[in-house]
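Let me begin by presenting the structure, written as structure tokens, before commenting on it.
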Amino acid sequence: MIGPMKRLLRSRGARKLGRDRLALASMFVIGAYLAIAIAVGVFGLISGEEAIFRIGPDQLVGAWGKPTVEQRMHYLEFYVDQVDQAFDKREPEKALAAIDFFGLRTVSTDEDVMAEKLETIFDPFDELYELQEEEGFADDPENFARLEKLEVDIAAMFQQPEGWERRYRDIGLLLGTDRQGRSILLRAVYAIKVAVQIGLVAALVSVLIGTILGGVAAFFGGWVDHVIVWLYSTLSAIPYIILLMVLAAMFLGSPFEGTLIPVYVAFCMTFWIGPCRVVRGEVMKLRELEYVQAATAVGFGRTRILLKHIIPNTTHLMFINFSLIFIGAIKAEVILSFLGLGVKNEPSWGVMINQSRQEVIAGFMWQIGAATFFMFTLVLAFNILSDALQDAFDPKHV
Amino acid sequence: MWAYILRRVLYNIPVYLGIIFLLMAALRVNDPIWGYLGKNASHEAYAAMEKSMGLDQPLLVQFWDFTSGLVTFEEVDGVSRWKAGLAESWSDKGRPVGDLVGDAVWPSLSITVPALVLTSLISITIAILSAYYRGRLPDKVMMVSAVLGMSISFLVYIIFGQYWGAYVLNERIGGEFFAIQGYKSDEPGWWVTYCLLPVLISTIVTMGYDTRFYRAVMVEETGRDYITTARAKGATKRKIMFVHMLKNAMIPIITRIMITLPFLVMGSLLLEVYFGIPGMGRALLQAITTLDFPVAQLLVALFAGLFLLTVILTDVFYALVDPRVRLQ
């Protein structure tokens, strides 16, 4: 593969691509996502546990969001409840010591100290809670002052973490939390790994299968061609979304349900059709060319001609299809998640968008916004790259 | 031409049988019987149910039963009925599959047909404008927004569409203009209430892809010799655009629309599931997840048949309108 890659890099198309600033920028973005994915997946920048760890009250708005009075009361209620519930346990001191939201711990684990603090908070909190129901609550500056004082008092029950721990907590809270109080940012970044994993596996395997089958079909012809054409005509006689559904549903109830395996299988068995069809058409043209006749005349075997002389000349099509399938896989993952046939054990953009349906109705946009933004940037970069690749290497394509 | 059509039909029979066979095999990876009987059922009950569902037969026998049913008619109460449609649904006990599918067709069509018309009209118009202003600001703006729009997930459009279109709008006007969910076709104005919002969402989602395709078609036409001739003759840009070019560009446009026709019947799966519209797409998802094989098989068989026929007809159409294309 090294030889044809070098040739491709020196081709006219590659020079055209090199002058395309937008394409270069999109490659940079894709590279950045890839780097994050490697940092998460290989070096454990964010572990799976951190992405499912409760780091604060649920539906906390992000760093530059402005919570409403109801939301602020809701957050306070959460913190008060956490301490209060610890006293219901058999060993309150242990329960107090167990409170740890990403470095945020109670000031003291001493039962008496905390009980005293809690006592002073109960009454103003209840008062405010009832006042909140009344109309015009938010307009009264006096209420506002009470709310702010209460916030300070409740914050005093907790000890802000120091140093790196603090920074890490701030980063975790940057985009707020979801309905289970998990960090949206950490989940969205962790989902980059999942998306890149799905995209890479789907695109690599599909392009590989498609190119080999397409090349073999066109080059050898005869019954091989008939079988392969039959196979892809068959699979493309139903919409790909239905094919994905049927394939992913095969794993329902199996131990693989909810993992990435059904997604991989469904995508690889669906997306190879595109490259196969294109490569078959291209090889049909290539095999009639004189250099192939020359290679035959020299006495090279047919397999060798196909692998060394013909397939390398379809490298540009492989790149274009790789890019297209990557987009297709990321977008289809969201749909499979929505249909309940996709990833369940790890956070992915599909899982996040699907989960945010209830939040959107409540007017909370942080989770859907974050997942959509991260996904949008990557898909946009790939869309631009696909267009640029097509312009550079396959300009006749409509 | 008839010889060509016949040859294509014959050629597509193995493709058609292939998709049905692959579907039946893929469905049977899961065992539906425990799901319907419950985990604690006795082995006798299991065997009885397996027999009544026909699952005790080898796959090839089941395949033969199903495919032969597709081309057989049976006399029921003095009326000749399609045998494939008479099989009973498993999850909706005792209901003939044919009725189930028949009921699901209209809700699907009442969304997909208006959506197709609207999308085609809007995106062809935009594509013409874009090609007219090719390389200039309006073209760039439209093409950039198409790419941006294509990069957002369908599901996000649906979620925000429902939020702004149903929740927020209803709150603002203090009534129900668009329904949040559901489908009833017996009220006056039901189409606007239940279908218009999904139609609009679907239009916005598909517009990006269609506009780009139609524009590419038109741009390709602008490079042809007859355009150069027309220009040399001194025809105005507008005349070349709308008289010479559009007529020729219509061929790929109509072809693309024709190819999408079978997809109309299948409905828009996501929209149907999200808005609770009892169409074909939702029926298929339910059939696949509840392992209701008769329904899933019939839906896929119907769709695949329709799709293959449309492809053949599209090729014939192409040859009819474009004398350069020969059928062989």
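The values are calculated or read from the model by the stated rules, or taken from the named source; none is laboratory data. Keep in mind it's a predicted model, so treat the numbers as computed, not measured. Reconstructed Cβ throughout: ideal geometry from the backbone, glycine too, with neighbour counts over all protein chains shown. Accessible surface areas use protein heavy atoms only, side chains included; no ligands, DNA or RNA. Shrake-Rupley method; radii C 1.70, N 1.55, O 1.52, S 1.80 Å.
Using protein chains only (no ligands, no nucleic acids) and a 1.4 Å probe, work out which residues of segment B:24-61 have their accessible area cut by at least 20 Å² relative to the chain alone. Those are B:26, B:29, B:30, which lose 20 Å² or more relative to the chain on its own. Of interest is the spacing of the C-alpha centroids, which for segment B:19-52 and segment A:36-111 amounts to 46 Å.
Kirkwood-based Rg over Rh for segment B:108-278 (C-alpha set), two decimals?
Numbers: Rg = 19.1 Å, Rh = 17.8 Å.
Rg/Rh: 1.07.
Contact with the other protein chains removes 20 Å² or more of accessible area, compared with the isolated chain and a 1.4 Å probe, from these residues of segment A:315-362: A:331, A:334, A:335, A:338, A:339, A:353, A:357, A:360, A:361. Solvent-accessible area lost on pairing A with B (1.4 Å probe, both sides summed) amounts to about 3800 Å².
Of the heavy-atom accessible surface of segment B:169-313 (probe 1.4 angstrom), what whole percent is carbon and sulfur? Let's see the in-between values first.
Details: 4080 of 6480 Å².
Looking at segment B:169-313 in its full context, I get 63 percent from C and S.
Interface residues of segment A:206-241, defined as those losing at least 40 Å² of solvent-accessible heavy-atom surface relative to the isolated chain (probe radius 1.4 Å), are listed as A:230, A:234, A:237, A:238, A:239.
Ligands, DNA and RNA aside, residue A:226 has an accessible area near 120 Å² when probed at 1.4 Å.
Only the Cβ atoms of Lys and Arg (+1) and of Asp and Glu (-1) were treated as charged; on that basis the dipole of segment B:108-278 about its Cα centre amounts to roughly 1160 debye. Solvent-accessible surface (1.4 Å probe) assigned to residue A:73 amounts to roughly 0 Å². Cα centroids of segment A:208-285 and segment A:114-138: 62 Å apart. For chain A, the carbon plus sulfur part of the accessible surface works out to 60%, probe radius 1.4 Å. Restricting the calculation to alpha carbons of the protein assembly as shown gives Rg and Dmax of 30.0, 98 angstrom.
If the only charges are +1 at each Lys and Arg Cβ and -1 at each Asp and Glu Cβ, what is the size of the charge dipole of chain B around the Cα centre, to the nearest 20 debye?
Values: 27 positive and 25 negative charges, 451 e Å.
That gives a dipole near 2160 debye.
Assuming charge only on the beta carbon of Lys and Arg (+1) and of Asp and Glu (-1), the dipole of the protein assembly as shown about its Cα centre is about 6180 debye to the nearest 20. For chain A, the longest principal axis of the Cα atoms and the long axis of helix A:366-393 meet at an angle of about 20 degrees. Please identify the helices of chain B, taking whole runs of DSSP H, that span at least 24 Å along their own axis as judged from the Cα atoms and have a mean Kyte-Doolittle score of -0.5 or higher. Helix filter hits for chain B: B:2-27, B:97-132, B:196-222, B:246-266, B:293-321. By the helix-only formula, in which each DSSP H run with n ≥ 4 contributes -39500 (n - 2.57) and the sum is divided by residues, chain B has a 222 nm mean residue ellipticity of -22500 deg cm²/dmol.
Counting only protein heavy atoms and a 1.4 Å probe, segment B:108-278 has 47 square angstrom of accessible area per residue. Toward the positive end of the charge dipole of segment B:197-265, with +1 on the Cβ of Lys and Arg and -1 on the Cβ of Asp and Glu, the farthest Cα among B:208, B:229, B:243 is that of B:229.
Sort A:325-338, A:137-150 for me by packing, meaning the mean count of neighbouring Cβ atoms within 10 Å per residue, highest on top. Each step should come with its number before you reach the end.
On the way: A:325-338: 24.2, A:137-150: 13.0.
Highest-to-lowest ranking by the protection proxy: A:325-338, A:137-150.
Distance from the alpha carbon centroid of segment B:217-250 to that of segment B:123-183 works out to 31 angstrom. Both the radius of gyration and Dmax for segment B:1-98 are 17.1, 60 Å, in that order, over alpha-carbon atoms.
Would you mind counting up the charge near residue A:244? Only other residues with Cβ under 13 Å from its Cβ, with Lys and Arg at +1 and Asp and Glu at -1.
Neighbourhood net charge equals 0.
Helix A:261-271 against the longest principal axis of chain A: what's the angle in degrees, Cα atoms only, rounded to the nearest 10? That works out to roughly 40 degrees.
What base-10 log of the normalised intensity I(q)/I(0) is obtained for chain B from the Debye formula, alpha carbons as equal point scatterers, at q = 0.12 Å⁻¹? Debye output, listed in q order: -1.03.
Could you compute how fast segment A:64-172 diffuses translationally, taking Rh as the Kirkwood radius over C-alpha pairs and applying Stokes-Einstein at 20 °C with viscosity 1.002 mPa s? Give it in µm² per second. Before the final figure, lay out each step's value.
Values: Rh = 15.1 Å.
Reported coefficient: 142 µm²/s.
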